[in-house]
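Working notes, structure below.
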Amino acid sequence: MYNNVRCFLWGLVLLAAAGFMLPERSAAEVSVNVAIGTPPPPVVLSSPPDVVLIRGTYVYFVPGAGTELFYYDGHWYRRHRGEWFWSRHYSGSWVYLPPARVPRVFVSLPEDYYESYYISKPVPYEKVVKKHHKKIEKEDSRHKKEKNRYEDYD
């Protein structure tokens, strides 16, 4: 019996020693977070905003919105953390714009565009949108007339 206990104890000692000799397992953990195109927080305005035309462009901006908020060519644009987003409505849903899809006019905005606020009069949002849609309707009707004119030759 004494030999059995002694063998058992020696076996435990050898097993423990072997455990110390094994290579240590390391728990490697890698975490990669890429935040490209993470939508910005919503724009909260109590009413449709007044906009101001930026000198030398067809871009309007919203003064006092707490963020860079622009209206151009029938869409709303917003820069957030160096990335551009667009929406059909000033309050969102914001869709990420890859750099190649950002309208060139935003790349060449004057650095002092915000000072336009002190020069130009704010214009009600509805007036700008109606003006833009009338322009589009006029262009559409012109294209339809041209298309019809060319169909006559077929």
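Just so you know, all these numbers are worked out from the coordinates, no wet-lab data involved. Note that the structure is predicted; figures quoted are calculated from it, not measured. With ideal geometry, Cβ positions are generated from the backbone for all residues, glycine too; neighbour counts draw on all protein chains shown.
By the scheme Lys and Arg +1, Asp and Glu -1, what is the net charge of all other residues having a beta-carbon under 14 Å from that of Y114?
Residues close to Y114 contribute a combined charge of -2.
Remark: the R81-R101 segment gains 5.5 nm on full extension, using 0.36 nm per residue and subtracting the alpha carbon distance. The phi torsions of the range 62-72, fed into the Karplus equation with coefficients 6.51, -1.76 and 1.60 and a -60° offset, translate into couplings of 9, x, x, 7, x, 7, 7, 10, 10, 10, 8 Hz, rounded to whole numbers, with Gly and Pro shown as x. Near Y71, the amide H atoms lying under 5 Å from its own belong to Y60, F61, Y77; only residues 5 or more places off or on other chains count, and H is placed 1.01 Å from N.
Label separation (S91 vs Y58): 2.8 nm, computed from points 7 Å beyond Cα along the C-beta direction.
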